[in-house]
Amino acid sequence: MSLLAKLIVRKNMPELPEVETIRKGLEKSILNKKIVQIEIAKKSPVKGNAEKFVSEIKGKKFVRIERLGKLLVFSLSAKKYLLVHLKMTGQLIYAAGKKVVAGGPPHQKFWCGGGHNLPVINPDTLPTAYTRAAFVFSDDSKLYFNDMRRFGYLRLAGEAEKNKVERAYGIEPFSKKFNLAEFKRILAGREKSLLKAALLDQALIAGIGNIYADEICFSAGVLPGRPAASLTEKEKAALFRAIKSVLRQALKYGGTTFRNYANARGQKGKFTEFLKVYGRQGMKCLRCKKGIIQKRKIAGRGTSFCGNCQK
DNA sequence: GTGTTTGTTATCAA
DNA sequence: CTTGATAACAAACA
């Protein structure tokens, strides 16, 4: 496969920085607006009864938007929650009402990936063939749920259900409780697993996916295939710092876009240009300038690393 | 047609 | 019981 082809087939899906970017965007645009209509595609993304889903949400408002790992939790009044998981190709795009668009900014095109001319989403062009659901608000603005691959879902949950889901997730990387001692304790509980598997395990630390797992290992200079039990104290500390720094920087730049990821306005994330290993297989290592980035299957996932400067 | 892509869950094994 | 490893899932593309 040519290098260009490799670049084009790279994909990404929302992980913590992307989901958090969407959450913040939606917080600015849809909170406390009355939901007047909900449209569900025939290929429904709703878990459970779609008619019941619509009737229970219609007329209510989203009063709060939280994130649990990669899951978005929209609080409706009356202890009901809309859980949205974007999985691989899900998008939540907000389109302002007609009145706002008419007097709004000029038409803007959004592109992603270093010059590959791959459009993300222009809210004006919605719905698309992959729009699976749309929420219409009283000011005629809309929230579209797009999902090409249909792994993502919308699920209405009660308090108990939501709490159960919440308990299944591990610690949030930006929580005050997530300190070095806690990280070591987490690793100690998974001594038999590989580092990469531990980083990806949502029940341990919530929100790290394939891209950031690889970037975190590279940043820390540790091979992702290392058994967790083999990590030295110094390496554990480096990994802990890397989790925070990589995710913080990705968040700062609005996440990573190769192909499908778009924020709540349909725009790409800018962290793509800061990636050091993910999608760089076959290319020279940016840090040691000697190694060639390798790609292998580790813990069941495509994993990129520098065999020279990651130990 | 085959292999690869990914987050999560189901399933089986130890 | 826990923990881990792996398959399965949907859909697209090379």
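Any read-out appearing in this document is the output of simple, stated calculations on the displayed coordinates, not a laboratory observation. None of the values given here were measured: they were computed from a predicted structure. So basically every Cβ, Gly included, is an ideal-geometry build from the backbone, and we count neighbours across all protein chains shown.
At-a-glance table
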| quantity | calculated |
| --- | --- |
| Within chain A, helix-based [θ] at 222 nm, where runs of 4 or more DSSP H residues each add -39,500 (n - 2.57), nearest 500 | -8500 deg cm²/dmol |
| Nonlocal Lys pairs with alpha-carbon distance under 29 Å, segment A:129-209 (8 or more apart, or different chains) | 17 |
| Least to most buried among A:230, A:141 (fewest other Cβ within 10 Å first) | A:230, A:141 |
| Order of A:288, A:306 - criterion: other Cβ atoms within 10 Å of each residue's Cβ, fewest first | A:288, A:306 |
| Overall form of segment A:160-309 per C-alpha gyration tensor (a/c, 1.5; a/b vs b/c) | oblate |
| Those lysines that a straight Cα-Cα span of less than 18 Å connects to residue A:284, excepting residues fewer than 8 apart in one chain | A:6, A:276, A:295, A:311 |
| Label-point separation, residue A:124 to residue A:27 (7 Å along Cα→Cβ), nm | 3.0 |
| Mean-position separation - Cα centroids, segment A:248-311 and segment A:154-168, in angstrom | 32 |
| Qualifying trypsin sites (Lys or Arg not before Pro) for segment A:134-227 [loop in DSSP, other Cβ within 10 Å: at most 16] | A:149, A:150, A:176, A:177, A:192 |
| Tensor-based shape of segment A:228-291 (alpha-carbon gyration tensor, a/c under 1.5 rounded, otherwise prolate or oblate) | oblate |
| Residue-by-residue Karplus 3J(HN,Hα) for segment A:29-35, coefficients 6.51, -1.76, 1.60, Hz, glycine and proline x | 10, 10, 4, 6, 9, 5, 8 |
| Residues A:169, A:144 arranged by fewest to most Cβ contacts within 10 Å | A:169, A:144 |
| Total charge dipole magnitude, chain A, about the Cα centre, Cβ charges on Lys, Arg, Asp, Glu only, Debye to nearest 20 | 560 |
| Cross-link partners of residue A:47 among aspartates and glutamates (Cα-Cα below 17 Å; sequence separation of 8 or more within a chain) | A:39, A:56, A:147, A:159, A:161 |
